[in-house]
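First the structure, in the form of structure tokens, and then the observations on it.
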Number of protein chains: 4
Amino acid sequence: MHIPPNVTVTTWRVRVCYVDTDQAGVMHHGTYFRYLEAARVEHLRERGLDYKRFEMDNKFALPVVEANIRYKIPARFDDELAIHTWIGLGYRAKMRFDSVIMRGDDLLTRAQVTLACIRLPEGKICSVPTMLLDFADPQIRGKRKPPPLTSTGAVDDD
Amino acid sequence: MHIPPNVTVTTWRVRVCYVDTDQAGVMHHGTYFRYLEAARVEHLRERGLDYKRFEMDNKFALPVVEANIRYKIPARFDDELAIHTWIGLGYRAKMRFDSVIMRGDDLLTRAQVTLACIRLPEGKICSVPTMLLDFADPQIRGKRKPPPLTSTGAVDDD
Amino acid sequence: MHIPPNVTVTTWRVRVCYVDTDQAGVMHHGTYFRYLEAARVEHLRERGLDYKRFEMDNKFALPVVEANIRYKIPARFDDELAIHTWIGLGYRAKMRFDSVIMRGDDLLTRAQVTLACIRLPEGKICSVPTMLLDFADPQIRGKRKPPPLTSTGAVDDD
Amino acid sequence: MHIPPNVTVTTWRVRVCYVDTDQAGVMHHGTYFRYLEAARVEHLRERGLDYKRFEMDNKFALPVVEANIRYKIPARFDDELAIHTWIGLGYRAKMRFDSVIMRGDDLLTRAQVTLACIRLPEGKICSVPTMLLDFADPQIRGKRKPPPLTSTGAVDDD
């Protein structure tokens, strides 16, 4: 299932809605971000963090700064999807949530969504709070920079 | 503006809708795909291809197989965005549309969206038709595989 | 709860996603239609009809021809909503699904969504199939026209 | 075109995006609210009110409290729509924006969207500001209650 060993994985299940389809008869590629986001919220909830409260109490938000996604097999209306999510990278500046979307035994989609942390309402970038970083499993935490191979996205940095 | 030399660039302008915002007060990261898609359709229209007719007449569709996006500065409600789009890569199996999203002089977002070609209604993968490949500028066309550097997405292949 | 007596009511539960909110901090008014639609699909499933199969096997679709919705209290991110759905009207030409959306004991929204039936792919209007009409409880079924009071929408007919 | 005489009508044009379609091959019924909303913002802009500034300067928001919509003919991918919008009703508590959506000479959709006014961030209901009410044409303004016929929505009040 392409999930690295020794990471904490949660699974969130959802059914593809009619509105999610497009005229090609498949789930629209932009809709996956809705479900990946919900899966991240549920990942945090299962590990004890209520993201709604986190935002309100701390005046933080976690904007997405990068997303990379591979669509292997299209999802279709009424499909039951299982979104397996884990923290793929965590350091002071960013956290990356990785997911695979499965339909039964078929891997449909692989995604990496990287979040930064800002303070509201000014929107100023700040360090990822320890309470979040602590969710990153030891082997992927504390690195100030992501390792070169996984950091080289197709959209090159500048 | 990070646009490579000697590619044909089109510009599509759009205003961010209220529905596009989320409670953090910015355009939601998933919404960009709506506008990138519309910009691709307009890119093709400006170059003489009516994508609606293309799908209907040829029973083709161009599903997104990979997307990579960097969010630098958030877009906000009512912002006037300019989406500059060009074909970043074109070969028999895939075409990649690259875009930068600008608000005035600010580069907000960079994105690469890779499409494959399928035959409808079976959904079988086929070669990208010549009429599409011919839109790829000579220096990025005809390569059977994308060059190694740009092909290494953060989501590794398998 | 404003649900009429002697109708078959199903309840579908969903949590409001972050993407569903807008910058006013509430669920966007257009998003309710996503959840009302999913609730209709689940209503039919609970009563033994797989809507996906229904569309595929019969080459039917049920386009929405009218919607009326009252927003009493806004839904917010992460709210757990219960959508209670029943068939409010069923006759040869149309079926109306009625819903109330609750958050705990609070009634947030009331909605009536009217569907017609078309044959695909031509899109020609046809009679609502008996297998669907049979889901309408006896007291609201078989009327060729909806009773005057409930048929007078704010958008007057022509 | 079903537009009442002596009201100030504005026209906003938009093209239906691919993402707006669903697997029935038409624009999804929930998507119309995106375009109706954008048309309201443009209606106000044409009449001198920048809605973004209005929200920010006055800490007001205009939540939708009721919507009624009739779908006559479906919109399809790449259709060029003209959304004609006017203020259909304006009084101290609410404003109603009415729209017809045309594709060429065909009337596709008729809609009435009623807004209330709240103060942010508390969300307390307040009177519609005079600067907004003044946009309502004299014959439809100043009524404390909407006239009985148009107020009787299919979703009855309580």
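A short reminder: the numbers here are calculations on the coordinates, not readings from a lab. Predicted, not measured: the structure shown is a model, and the values here were computed from it. Glycine gets a Cβ as well: all are built from the backbone with ideal geometry, and neighbour counts include every protein chain shown.
Before moving on, here are some points about what is shown:
- When both the range D:76-117 and the range B:46-118 are represented by their alpha-carbon centers, they are found 30 Å apart.
- Each copy carries a label point for B:Thr11 at 7 Å from Cα toward Cβ; from one copy, the others' points are 2.7, 5.0, 5.6 nm away, ordered from shortest.
- Take A:Asp105, push a point 7 Å out from Cα through the beta-carbon direction, and compare it with the same point in every other copy: 5.1, 5.9, 6.0 nm, smallest first.
- The protein assembly as shown - charge dipole about Cα centre, Lys and Arg +1 at Cβ, Asp and Glu -1, debye rounded to 20: 0
- Cα-based Lys pair tally, the range B:10-142, threshold under 25 Å, eight or more apart or on separate chains: 5
- Note: relative contact order over chain B, using C-alpha pairs below 8 Å and six or more positions apart, is 25 percent.
- Positive-end residue, the range A:10-143 charge dipole about Cα centroid, Cβ charges, pick of A:Val100, A:Pro121, A:Leu49: A:Pro121
- Between the Cα long axis of helix C:32-46 and the first principal axis of chain C there is an angle of about 50°, rounded to the nearest 10.
- Antiparallel bridge percentage (DSSP; both residues within chain D; nearest 5): 95
- Listed residues C:Glu37, C:Glu122, C:Glu66, most fluctuating in chain C (Gaussian network, C-alpha, under 10 Å): C:Glu122
- Each copy carries A:Glu122; placing its label point 7 Å along the C-beta direction from Cα gives inter-copy distances of 2.8, 6.1, 6.6 nm, listed from smallest up.
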